[in-house]
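Each remark here refers to the structure printed beneath this line.
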Amino acid sequence: MNWVYLPLTIAVYWLALQLYRQIKTPLLNPVLVSIGTLVVLLLLADIEYAAYDQYSHILTDLLQPAVVALGVPLYLQIHTIKRELPKILVAVLIAVIIAVASTTAIAVALGASADIAASLAPKSVTTPIAVLISEQIAGHPSITAIAVIVTGLVGSVIGIPWLKALQINHPKAQGIAMGSACHALGTARIVELGEEQGAYSALSLVFSAVFSAMLCPLLVPQIVALMV
């Protein structure tokens, strides 16, 4: 029966995608629905995640070329981006500082230990880089990975409605916000609105990872020390 895990995952996502296309609501985000459905199925069938992952990890491996593919809309907008690069860098830098500082401060204020706060700090960065950052600042990579997934899912569900509620309608601003706040999942969601949003989100995703890697080791210990 192990061979069924891969086609089952694909089938669940396909059905979730069809549901999302029929009922256009962020709450039925295909990734979110797929994860929830698969978790329930694995629990009901008493299947260990390790066994499931052994036969479905090819989908995880495909994340690498999928992320690279985000560079296509970036390439199509490259001439405009070159002119605005300094502004983009400043915007993403401010976003990273606020995200890291606020996450760490709120975690400590709510009673989290220093290592838990450090684990949550890089939550807005794509998983492979966030895990490395977590290791550098004495966090728990497993907790960081969960925080990154939750951040991406929440951002992909409520990000666009939230931007519209705040009347942030400029494509470039929308892209920068989604890319710097909720990494690849946010980028995959915002690209549905247009190539311009996708390009700026993909670029912000990269810069956010770079700035987070530079600033987390500096900011997190200082904030924890001030609040403890």
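The values are calculated or read from the model by the stated rules, or taken from the named source; none is laboratory data. Because the structure is predicted, anything quoted here is derived from the model rather than measured. Neighbour counts run over all protein chains shown; Cβ positions are idealised from the backbone, glycine included.
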Please list, ordered by first then second residue, the pairs with beta carbon atoms under 8 Å, 6 or more apart or interchain, first in the range 157-172 and in the same structural domain as Glu195 (by TED's automatic domain parsing) and farther than 16 Å from Thr187 by Cβ, second among the polar types (S, T, N, Q) and in a helix (DSSP H, G or I). Ile168/Gln174
Among (1) in the same structural domain as Val157 (by TED's automatic domain parsing); (2) loosely packed, with under 13 Cβ neighbours inside 10 Å; (3) within 23 Å of Val125 (Cβ to Cβ); (4) not aromatic (Phe, Trp, Tyr) - the single one Asp53 does not satisfy: (1)
Out of curiosity, is Leu59 more than 30 Å from Leu6 (Cα to Cα) and touching a residue at least 40 places away in the same chain (Cβ under 8 Å)? no
Residues of the range 60-71 satisfying the condition of being among the hydrophobic types (A, V, I, L, M, F, W, C), surrounded by 14 or more Cβ atoms within 10 Å (Cβ to Cβ) and part of a helix (DSSP H, G or I): Val67
Out of Val206, Val191, which single residue is among the β-branched types (Val, Ile, Thr) and in contact with a Gly (Cβ under 7 Å, 6 or more places away or on another chain)? Val191
Taking the conditions exactly as written (more than 16 Å from the chain's Cα centre (by Cα), farther than 25 Å from Ala69 by Cα and surrounded by 24 or more Cβ atoms within 10 Å (Cβ to Cβ)), does Val228 satisfy them or not? no
Take the range 77-112 and flag every residue that is surrounded by fewer than 14 Cβ atoms within 10 Å (Cβ to Cβ) and either of a type in the set (A, V, I, L, M, F, W, C) or on the phi > 0 side of the Ramachandran plot (or both). Ile78, Leu85, Val90, Ile94, Ile98, Ile106, Ala109, Leu110, Gly111
Please go through the range 108-139 and give me each residue that is closer than 21 Å to Val154 by Cα, free of Cβ contacts under 8 Å to residues at least 12 places away in the same chain and part of a helix (DSSP H, G or I), ordered by number. Pro128
